[in-house]
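The values are calculated or read from the model by the stated rules, or taken from the named source; none is laboratory data. Note that the structure is a prediction, hence the values are computed from the model and not measured. We place every Cβ from the backbone using ideal geometry, glycine too, and count neighbours over all the protein chains shown. For the accessible areas, the whole protein counts, side chains as well, though only heavy atoms, and no ligand, DNA or RNA atoms are used. Shrake-Rupley method; radii C 1.70, N 1.55, O 1.52, S 1.80 Å.
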Amino acid sequence: MANKAQWSVAHKLIFYFCFLFFGLNTFPFPLDFIGEPVYNLIEKFWTPIINLLGNIFLDLDEITVRPNGSGDTTWNWLQELAILIIASLGSIVWLIAARSRVNHEKLAYWLRIYLRYYLAATMLSYGLVKVFPLQFGTITTYRLYERLGEMSPMGLLWTFMAYSKGYQLFGGLMEVVSGLLLLFRRTTTLGALLSAGVMLNVFMMNLFFDVPVKIFSFWLMLIGIYLLSADAKRLWQFFVLNEPTQATQEIKVFADKKWFRIGRIVLKVLFIGITFVAQFYSNWQDSAPISAPKSAIYGPYKVEKFERNNIVSETDTLRLQEVFIDRRGATDMIYVTNEDGLRKRVNFELDSTKHIIRMGDYAAPITDTARYTFSYVQTSAETFFLKGKIKNDSIRVAMKKMKPRNFLLTTRGFHWVNEVPFNK
């Protein structure tokens, strides 16, 4: 039986706004599984709108930096502004066009399902890269030698998370459990409560540690709150007024259709297989290098001699001071520093048979067109030589491994009993 409850004007406006706001923010889910072709089409749609807003509000002819590792680019902020404008104006137009409608219970039902699955997929994705320590990785030698004051706020947070595999695992499990609870109607409220709480914490960390995922984490939290809104009265009665409450009577859609009941189960199994089982297996495979044996070349090095184009200069701004060949989680990285403030991090691939190191820019794949190839010689366990080119410059570096240090951070360990606080 159709629900004939009359929605107020305010109720309709809020629903219209939420439908458009969340719909534009989450689109093209679930088509985004197709990958790059879909994102290219979406970008082509948004580009003229964002450039127009950039011209109006920022006096910029074109927004050239597209979304990348940062989700808080000018492009992203202008996109959110565009979505707010479209959702606000669209809500008013929709209200006028649908003024004779009593309510939109069925459409609200489908929106709730869509947002449940979107939030579940996102929580599972972010949770699994913490369960397998891939997002923050493991603490590196470079971080141990680096001075605290030289870290960025985001670097400090990443180091804090990388230090404790247990806390990473806990955070990841909270996100995974939240996502799994959202996949089932009877546990949606619990999943939404947990998701909203977890994402509030994530948003606050992003906000106060300057992590450029503030926009995304904020509206993930809003999705959790929206999913809870249907139970707001019941939650208030139970948690605040300490009164009994009745189960929610959901509207029935295609309840008498066998094809719908079977199709729903099939789609749910496929969704869980793609978003949880497949990702679990993929992350498990990706985490294998974490425990893989390291080559003897790994370690912290002090540069003893640096040549650029056969010239040794103590004032060369490119001259390296320290080199750290390390692994952060499953990713091999080289960190270099010098006295002129150079701090650079690159990914690398090691060919121990040919004694070659191929380096590429951090967070980018090492391809034939974007990499630096160096040959290396390790004459002893302590000495290491690199020879190659950086752009048009020939580089030779002679290094000596630093003496091992026992860092308190990695040697202190965990203690059930502390007779006095050990806070250094």
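Give me the net charge of Met402's neighbourhood, meaning all other residues with Cβ under 11 Å from the Cβ of Met402; Lys, Arg count +1, Asp, Glu -1.
Summing Lys and Arg as +1 and Asp and Glu as -1 gives +3.
Along the charge dipole of the range 173-314, which of Ile223, Phe184, Thr275 sits closest to the positive end, that is, farthest toward it, with unit charges on the beta carbon of Lys, Arg, Asp and Glu (+1, +1, -1, -1)?
Phe184
Under unit Cβ charges (Lys, Arg +1; Asp, Glu -1), what dipole magnitude, rounded to 20 debye, does the range 107-255 have relative to its Cα centre?
Rounded to the nearest 20 debye, it is 340 debye.
Which entries of Lys401/Lys424; Lys302/Lys354; Lys130/Lys257; Lys44/Lys165 have Cα-Cα distances beyond 32 Å here?
Violating the 32 Å limit, Cα to Cα: Lys130/Lys257; Lys44/Lys165.
I'd like to compare 75-83, 390-398, 165-173, 258-266: which one has the highest average count of other Cβ atoms within 10 Å, and what's the full order after that?
Going from most to least packed, we get 75-83, 165-173, 390-398, 258-266.
Please determine, in degrees from 0 to 90 and to the nearest 10, the orientation of helix 74-97 with respect to the longest principal axis defined by the Cα atoms of the chain, where the helix direction is its Cα long axis.
Approximately 10 degrees, to the nearest ten.
Enumerate the aspartates and glutamates that Lys252 could reach by cross-link, defined here as Cα to Cα under 20 Å, with residues fewer than 8 away along the same chain left out.
Within the straight-line cut-off, Lys252 pairs with Glu105, Asp231.
Can you pull the three principal axis extents for the Cα set of the range 203-316, in Å, largest first?
81, 39, 25
Once ligands and nucleic acids are excluded and a 1.4 Å probe is used, how much of Glu304 is accessible, expressed in Å² to the nearest 10?
120 Å²
Could you put Ile86, Ile215, Ile56, Ile113 in order of accessible surface area, largest first, with the 1.4 Å probe and the full protein assembly present?
The most accessible residue leads, giving Ile56, Ile86, Ile113, Ile215.
Kindly report, to the nearest 10 Å², the accessible surface of Val176 as traced by a 1.4 Å probe over protein heavy atoms only.
Roll a 1.4 Å probe over it and Val176 shows about 10 Å².
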